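S.K.: Pasting a structure here, questions to come.
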Amino acid sequence: MLRQSVVMMMLTISVMGAMPLTQSLKLTAGNWGASFEGENKETVTNLQFYFHDTLSGRNPSAVRVAEPVDKSKLSMTQFGAILMADDPLTETSDPKSKMVGRAQGLYGSSCQQEIGLLMAMSYSFTDGPYNGSSFALVGKNSAMNPVREMPIVGGTGLFRMARGYALAKTYWFDPTTGDAIVGYNVTLVH
């Protein structure tokens, strides 16, 4: 009995020793994405891109589709306003940089005491190995915080069954128009 235990322990130690201690690179997408295979054979993907939300001009990428009936109750937080978006995602903060996808969905002002948005968006990619794949973000965006963390709740294509989080940081904001460029750093497990 003792001998079987020692043999099992040695076998377990040798199997554990044979496991790689580092992740292996699986995919890369230029300067904005990389996927690694983790120890448990799930893939971890890190993406960094910029979200361009334009409310002004002749061709806005986000439009207001609903607001409170009593507009006198609209506060600084715009509580009750809902916008539909089809925002470009680019590799850098420059709006003319390479487009890597689009963020499509809606967001609404859901807070009365702060500028906070409930976001329900699909981030779909059109570039590199992630072309045709998307992830879904649903959660609160406390827009005035320097860095906001939001949950990833699913995905399609290479990101099927994804979970994870997105860190958003405002790169540029025009308070007159509401236009913004937001940097996203996303970690997906799929």
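Every number in this text was worked out from the coordinates using simple rules, so none of it is lab data. All figures in this text were calculated on a predicted structure; none of them were measured in a lab. Positions of Cβ are backbone-derived with ideal geometry, glycine not excepted, and every protein chain shown enters the neighbour counts.
S.K.: Report, to the nearest 10°, how far helix 2-18 tilts away from the longest principal axis of the Cα atoms in the chain, using its own Cα long axis and a range of 0 to 90°.
M.R.: Between helix and principal axis, roughly 50 degrees.
S.K.: Quick one: Karplus J couplings for region 156-162, per residue in order, coefficients 6.51, -1.76, 1.60, θ = phi - 60°, nearest Hz, x for Gly and Pro?
M.R.: 10, x, 5, 9, 3, 6, 5
S.K.: Determine one quarter of the surface area of the Cα convex hull of region 95-190, which equals its mean projected area, and express it in nm² to one decimal. Display every interim value, and only then the final one.
M.R.: Values: hull surface 25.7 nm².
Reported value for the Cα convex hull: 6.4 nm².
S.K.: Just one of [x] 21.5, 82; [y] 16.4, 51; [z] 25.2, 81 is Rg and Dmax of the Cα atoms in Å calculated from these coordinates, so which is it?
M.R.: Calculated Rg and Dmax of the Cα atoms in Å: the matching label is [x].
S.K.: What residue among Y107, S72, A62 has its Cα farthest toward the positive end of the dipole of the chain, where the charges are +1 on Lys, Arg and -1 on Asp, Glu, each on the Cβ?
M.R.: Y107
S.K.: Further question on the same structure: What dipole magnitude, in Debye to the nearest 20, does the chain give about its Cα centre under +1 on Lys/Arg Cβ and -1 on Asp/Glu Cβ? If you can, show how the numbers build up before the last one.
M.R.: Working: 15 positive and 15 negative charges, 71 e Å.
For the chain, the charge dipole is close to 340 debye.
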